[in-house]
Amino acid sequence: MALKNEKIGEILLRKGLLTQVQLAKALELQALGSGDPLGALLVKNGVISEEVLATTLSGQLGIPLATKANHRLVPAADQGLEKLITEEVARKYCLIPVAHDGKSITIVFSDPTDVLLIDNLRKLKRCNIKRLIGLKSEVEEAISNFYGEGGMLKSAVEASYGKVAEVRLSDEERGQISLDDLVASAEKAPVVNLADLLIRQAIKQRASDIHIEPMYDTASIRFRIDGVLQEVPPPDKAMLLPLVSRLKIISKMDIAEKRLPQDGSFRAGIENRLIDFRVSTIPTVNGEKMVLRILDRSSLSLDLEALGFETYEKDSFTKAINRPYGMILITGPTGSGKTTTLYCALNQIKGKEKNIITIEDPVEYQISGINQVQVKPSIGLTFASGLRSFLRQDPDVILVGETRDLETAQICVRAALTGHLVFTTLHTNDAPSAVTRLVDIGIEPFFVTSSLLMIVAQRLVRRLCPQCKEAQKVDASTRPLLLRSFKGPLYQAKGCEACSQTGYKGRLAIFEIMNMSEEIERLILARSQVSQVREAARKAGMSTLEESGYKKAMAGETSVEEIMRITMANI
């Protein structure tokens, strides 16, 4: 047992864990201004271990030891500990809160002798501080598990299995539950906490969407990160109805309506950022499926180079968007970045001398200096009706979120032929196919050739994590044909903590840009096959999506496997 007022060095000497020479040397280093407590200095120099220091301090100060082995390093769920002690404070002082009862906070310190820190925490939090001692390495690991990569969410999910009694409903009760009961269950602390942590973790992991799905006997929650859905630990299925109801309440949706699809939205300030959420529900045989689209304005880059344009692609695109009239089509599937490319184009050409009007469904981001209109079919404001009104607003540039029908396409063509620059999108697999799509909709080939300036097909590919990407060790003969003459290294995904073990972090676009030429116009007028138009475009200098992607792979920005996944290219 440690004697009263006995110092750490004296205790270690008495126990034979330290020699007088080692103690003298450590005290000398401390006197020279190392800034470390004696115990930490001894550990740093390998004289004693972390375990010896923690155990000795525990005995000296009469403070319990918290380790992974005795399970006292696990923070309690649903107590708001992450708000009481922020991650920044926890990492700076190497401590972690593990419990809070309203009157006191129990904190595991790697250095419980820092009296000034403990006193400051007591004053700031206005409650008592109960000290526990932990090994520095284990406390650091606990901090990463709790604050990082879903630690708090995981704790809330695990807690949901022990608290389902608060929100559990039988199948019969689900059909008979009153609106008041539904609201009450949605506002219970475990549900509110789970919804909050789910949203925060999705944002932290750079997710673009959150999918909440009911299965037959389980629940499923997935984040779409860099275009790929990834599962996160699901809560007890009994939590699903209250969770969906909670999100419907803040989205101003009808929580009593579960038979019809619904749309809603809300805005939240998270980590000093203003983030918009678009919420959609559909009824399934197992219950309501909900998807939250995350629109983070701070992550929107309106720079063409940041999108992934090569220099020659940027020059060609910039030349087209600065033309005074004509139509520019952006094509690709949903989620391929078409809207972002359009916003970049408008941001590039906007100015006080231009009247720019957009009609979108929905308006995803608001851009200063541009008049943006939201489609509202319920009151008769469609793409076609909005466009007809736009032409009476003296516009210079018009953006149409999507050309879905003949009427909208006709108005776009007419506007392009009467002195307006028109941007719009189509859902086609490549650039040449857009021509056929317009003709199939009902636009005469003559009007297509007279109005069309450029067609851009695009896809989004995942960017290799710069911290862990590694060179591929493969024979040149096994590479895709377009890369067999390339002598430099190609890189592949590996996975690390920075990229959540996926090997990828962020996305960039690949493009297929088709400029109109006399030969292409002749083929369109002759209603030629798409393959003939594609061949003429290739001769005129168009690079395919596959070729654009492989250039990114040769530059080390993405992997060959990712390009093959996105473009369906064959080796």
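The values are calculated or read from the model by the stated rules, or taken from the named source; none is laboratory data. In this text the structure is predicted, and so the values were computed from the model without any measurement. Here Cβ is always computed from backbone atoms with ideal geometry, including for glycine, and neighbour counts include all displayed protein chains. These area figures cover heavy atoms from the full protein model, side chains too; ligands, DNA and RNA do not enter into them. Shrake-Rupley method; radii C 1.70, N 1.55, O 1.52, S 1.80 Å.
Worth a mention:
- Single residue of Asn347, Asn322 found to be within 14 Å of Ile398 (Cα to Cα) and within 31 Å of the chain's Cα centre (by Cα): Asn347
- Members of segment 524-571 found to be surrounded by fewer than 21 Cβ atoms within 10 Å (Cβ to Cβ), of a type in the set (A, V, I, L, M, F, W, C) and closer than 18 Å to Thr311 by Cα, listed by number: Ala540, Met554, Ala555
- Some residue of segment 473-481 being surrounded by 15 or more Cβ atoms within 10 Å (Cβ to Cβ) and at pLDDT below 90: yes
- Top-ranked residue in segment 234-250 [being open to solvent by 20 Å² or more (accessible area, probe 1.4 Å) and in a helix (DSSP H, G or I); ranked as farthest from Asp217 (Cα to Cα)]: Ile250
- Residue within segment 405-428 that is in contact with a Gly (Cβ under 7 Å, 6 or more places away or on another chain) and open to solvent by 10 Å² or more (accessible area, probe 1.4 Å) present: yes
- Within segment 481-497, residues that are of a type in the set (Lys, Arg) reach partners that are in a loop (DSSP other than H, G, I, E, B) and modelled with pLDDT of 80 or more with beta carbons closer than 6 Å, at six or more positions or on different chains, in the pairs Lys494/Cys468; Lys494/Gly503.
- Scanning segment 485-502 finds one or more residues that are charged (D, E, K, R) and assigned to a helix (DSSP H, G or I).
- Selection count where residues are closer than 27 Å to Ile143 by Cβ and assigned to a helix (DSSP H, G or I), scope segment 27-72: 20
- Any hit, segment 14-36, residues being at pLDDT below 80, in contact with an Asp or Glu (Cβ under 9 Å, 6 or more places away or on another chain), of a type in the set (A, V, I, L, M, F, W, C) and open to solvent by 50 Å² or more (accessible area, probe 1.4 Å): yes
- Yes/no for Thr449 being of a type in the set (S, T, N, Q), more than 30 Å from Ser299 (Cβ to Cβ) and out of contact with any Cys (no Cβ under 6 Å at 6 or more places or on another chain): yes
- With respect to the conditions (1) at pLDDT below 85; (2) within 30 Å of Asn193 (Cα to Cα); (3) basic (Lys, Arg), Lys103 lacks only one, and its number is (1).
- Strands (runs of 3 or more DSSP E) contained in segment 367-456 and holding at least 3 residues under 35 Å from the mean Cα position of the chain (by Cα) and aliphatic (A, V, I, L, M): 397-400, 421-426
- Flag set for Ile411, criterion: in contact with a Lys or Arg (Cβ under 8 Å, 6 or more places away or on another chain) and free of Cβ contacts under 8 Å to residues at least 40 places away in the same chain.
- Per the conditions (1) under 30 Å from Leu302 (Cα atoms); (2) open to solvent by less than 80 Å² (accessible area, probe 1.4 Å), the sole criterion not satisfied by Glu497 is (2).
- Segment 200-230, subset part of a helix (DSSP H, G or I) and either among the basic types (Lys, Arg) or closer than 17 Å to Lys289 by Cβ (or both), residue least open to solvent (accessible area, probe 1.4 Å): Ala202
- Tyr93 being within 35 Å of the chain's Cα centre (by Cα) and farther than 29 Å from Pro234 by Cβ: yes
- Residues that are without any contact (Cβ under 8 Å) to a residue 60 or more places away in the chain and on the phi < 0 side of the Ramachandran plot within segment 439-469 comprise Asp440, Ile441, Ile443, Glu444, Phe447, Ser450, Cys465, Pro466, Gln467, Cys468, listed in sequence order.
- For segment 378-394, filtered to residues that are among the polar types (S, T, N, Q) and under 16 Å from Ala409 (Cα atoms), the residue that is least open to solvent (accessible area, probe 1.4 Å) is Ser385.
- In segment 70-79, of all residues being under 29 Å from Leu38 (Cβ atoms) and out of contact with any Asp or Glu (no Cβ under 9 Å at 6 or more places or on another chain), the one that is surrounded by the most Cβ atoms within 10 Å (Cβ to Cβ) corresponds to Arg72.
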